[in-house]
1. Can you tell me how much longer the chain between ASP189 and ASP175 gets when fully stretched, taken as 0.36 nm per residue apart minus their C-alpha distance, in nm with one decimal?
2. Place a label point 7 angstrom from the Cα of CYS64 along the Cα-to-Cβ direction, then list the residues of region 128-171 whose backbone nitrogen is under 16 Å away.
3. When the convex hull of the C-alpha atoms of region 30-168 is computed, what volume per residue in Å³ does it have?
4. Test of understanding: what is the full-extension gain from ASP54 to ALA148, defined as 0.36 nm times their sequence separation minus their Cα-Cα distance?
5. Read phi for every residue in region 158-173 and hand back ³J(HN,Hα) as whole Hz from Karplus 6.51 cos²θ - 1.76 cosθ + 1.60, θ = phi - 60°, with x for Gly and Pro.
6. Once you've got the Cα coordinates, tell me which of LYS48/LYS92; LYS120/LYS185; LYS48/LYS185; LYS68/LYS133; LYS141/LYS185; LYS133/LYS185 are over 23 Å apart.
7. Students often get this wrong: which residues of region 138-177 have the backbone nitrogen under 16 Å from the point 7 angstrom along Cα-to-C-beta of GLU118?
Amino acid sequence: MNRSFRMLALVACFAATVATTTTVSAEQATQSPGLIAGDPVGAFQVTKLGGAEDDGVDAGQTLCYRCKYGLSPMVMVFTRSTDESAAKLLSKFDETIGAYQDQKLKGLVTLIGGSPAELKTQAAAIAGSLNTKHVPVVIAKDSKNGPASYKLNKDTEVTVVLINQSQVVARHDFDVDNIDPTALKHEIDAMLQ
């Protein structure tokens, strides 16, 4: 397995329990364009490649998970790379999302940053090696940089967005070396209270 799988694993772990690396405030918005706390979260199309087998969505189906999840709290992970540790960390992310089922927490891992064909291959490999029950692995229709309305930084390896009531609670941009899983877990706890 390659660096890409390891990256996704670290991202999933981050989202499962995550982070304080870079929270984007209103003051930082001019320096770091993108979603900030309080922003509405727009719809975007993805193709499911695997995971979350009981969510009523078949692999290969195109939909808007953001729309499907509605007002439920959610953690969206956007990653430009994957690597061999992904299976373990994505499983951990799945466990965390599962632990919050009473609070209706939803999760989503979206691969971006490459051609659709390349990302489909990577996503299918990741999804095929895992047995995630709660977290779908998808690719964005806007595969190069994710949904345009999210204004994801093209130089950021991983973006994690915490959402509740269709609004951004927090957004974190980071590289794989700056993940703090415990901090994100605390943020998820706070968001759900």
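Every read-out reported here was derived from the displayed coordinates using simple, explicitly stated rules and does not represent laboratory data. Just so it is clear, the model here is predicted, and its values are computed rather than measured. Neighbour counts are summed over all protein chains in view; Cβ atoms, including those assigned to glycine, are modelled from backbone coordinates with ideal geometry.
1. On the way: separation 14, 0.36 × 14 = 5.04 nm, distance 2.32 nm.
Extending this stretch completely gives an extra 2.7 nm.
2. Output list for this probe position: 140-142, 147-151, 165-168.
3. On the way: hull volume 13.8 nm³, N = 139.
Convex hull volume per residue, Cα atoms: 99 Å³.
4. Values: separation 94, 0.36 × 94 = 33.84 nm, distance 2.91 nm.
Net length gain for the segment: 30.9 nm.
5. My calculation for region 158-173 gives 9, 10, 10, 10, 9, 9, 8, 6, 6, 10, 5, 8, 7, 10, 10, 10 Hz in order.
6. On the way: LYS48/LYS92 20 Å; LYS120/LYS185 29 Å; LYS48/LYS185 25 Å; LYS68/LYS133 16 Å; LYS141/LYS185 29 Å; LYS133/LYS185 19 Å.
Flagged as over cut-off: LYS120/LYS185; LYS48/LYS185; LYS141/LYS185.
7. Hits in region 138-177 for GLU118 at 16 Å: 139-146, 154-158.
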